[in-house]
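Worksheet: the structure to be examined is printed underneath.
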Amino acid sequence: MDYAINKNDVLSYLGHNGQTIDDKLERLIEQTIALSYDYIKPLSIYGIFDIAADNGCVSFKGLFDVKSEDLYKLLKYSKKAVLAAITLGSEIEQNIKRFSYTEINKALILDCCAAAAIESYADDVLNKIASKIKEDNFNLTNRFSCGYGDFSLSHQADIIAALDAKKRIGLYCDDNNMLYPKKSMTAVIGITDENIKHKYYAGCENCAAKNICKYRKAGKTCAT
């Protein structure tokens, strides 16, 4: 299995902060975590592309350009970058919707399971890429997604087009730059020489994920 749904992560997405959980809710959470594995069908694709980062802009050569100080700071030591697209498939969101009509608590927990699962799966994808490029004496930066900091959501479509994601894994975005299936993400990861240890994190207040971030709910950030 390429991902794991950690119960503590699910609790964090649910807003748990040390409160007592009764036995009935405990059982429901555990049962829903187990059930979620039946509905999640993860798929991912990635490609490595030549880039040029200069003066607050990043050019994915021959593909598209991005004006973003945050993405520039992430990629300023890189000449190549990974573009990745990741999805849990449509079945999980179909069942979240189905349960929302009859068992709202289960639907909410299932949604949190999906949030935990996609983060775990994305980390696994990143770790596998890191293992491959390390053989060639390179490192990866952290992953950075459209909507983080000043990296506009409008570039979701650019990444999907560059990877041919709709054809390859059924992932696309609408005119409002929202991904479908919804439990999906795109990401950029910089590639650096092995002697450069570089990560960059945009501020929380400008992050598109700030309202669902498990780290913020725990009083932390993704940088700690």
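The values are calculated or read from the model by the stated rules, or taken from the named source; none is laboratory data. Predicted model, so just to flag it, every value in this text is computed and none were measured. Methodologically, a virtual Cβ is constructed for each residue, glycine included, from the backbone with ideal geometry; neighbour enumeration extends over all protein chains shown.
Quick notes on this structure:
- Pairing residues of the stretch 23-36 that are under 14 Å from Asp111 (Cβ atoms) with residues that are at pLDDT 95 or above and part of a helix (DSSP H, G or I), at Cβ distances under 6 Å and at least 6 apart in sequence or on separate chains, gives Ile29/Ile109; Thr32/Lys106; Thr32/Ile109; Thr32/Leu110; Ile33/Cys113; Ser36/Leu110; Ser36/Cys113.
- Index of the failed condition, Cys57 passing every other in (1) among the hydrophobic types (A, V, I, L, M, F, W, C); (2) closer than 19 Å to Ser184 by Cβ; (3) surrounded by fewer than 23 Cβ atoms within 10 Å (Cβ to Cβ): (2)
- Any hit, the stretch 121-140, residues being under 30 Å from Asp22 (Cα atoms) and modelled with pLDDT under 95: no
- Residue-level check: of (1) touching a residue at least 60 places away in the same chain (Cβ under 8 Å); (2) crowded, with 19+ Cβ neighbours inside 10 Å, Leu140 misses just (1).
- Search result, residues across the stretch 169-180 that are surrounded by 13 or more Cβ atoms within 10 Å (Cβ to Cβ) and out of contact with any helix residue (DSSP H, G or I) (no Cβ under 6 Å at 6 or more places or on another chain): Ile169, Gly170, Leu179, Tyr180
Yes/no matrix, rows are residues, columns are (1) more than 23 Å from Asp2 (Cα to Cα); (2) out of contact with any strand residue (DSSP E or B) (no Cβ under 6 Å at 6 or more places or on another chain):
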site	(1), (2)
Leu71	yes, no
Ser78	yes, no
Val82	no, no
Glu91	no, yes
Asn95	no, yes
Phe99	yes, yes
Asn105	yes, yes
Ile109	no, yes
Cys113	no, yes
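- Complete set of residues in the stretch 81-103 that are within 21 Å of Ile159 (Cβ to Cβ) and touching a helix residue (DSSP H, G or I) at 6+ places or on another chain (Cβ under 9 Å): Ala81, Val82, Leu83, Ala84, Ala85, Ile86, Thr87, Leu88, Gly89, Glu93
- Pairs with Cβ under 6 Å, 6+ apart, first in the stretch 151-179 and over 17 Å from Val66 (Cα atoms), second small (Gly, Ala, Ser): Ala165/Ala85; Leu171/Ala85; Leu171/Ala165; Leu171/Ser184; Cys173/Ala157
- Subset tally (residues that are closer than 29 Å to Asn6 by Cα and either touching a residue at least 40 places away in the same chain (Cβ under 8 Å) or touching a Phe, Trp or Tyr at 6+ places or on another chain (Cβ under 9 Å) (or both)) for the stretch 38-63: 9
- Those residues of the stretch 64-101 which are touching a Pro at 6+ places or on another chain (Cβ under 7 Å), outside any helix (DSSP H, G or I) and either surrounded by 23 or more Cβ atoms within 10 Å (Cβ to Cβ) or of a type outside the set (S, T, N, Q) (or both), in sequence order: Thr87, Leu88, Gly89
- Among the residues listed as Tyr101, Tyr148, the single one being modelled with pLDDT under 95, among the aromatic types (Phe, Trp, Tyr) and over 25 Å from Asn195 (Cα atoms): Tyr148
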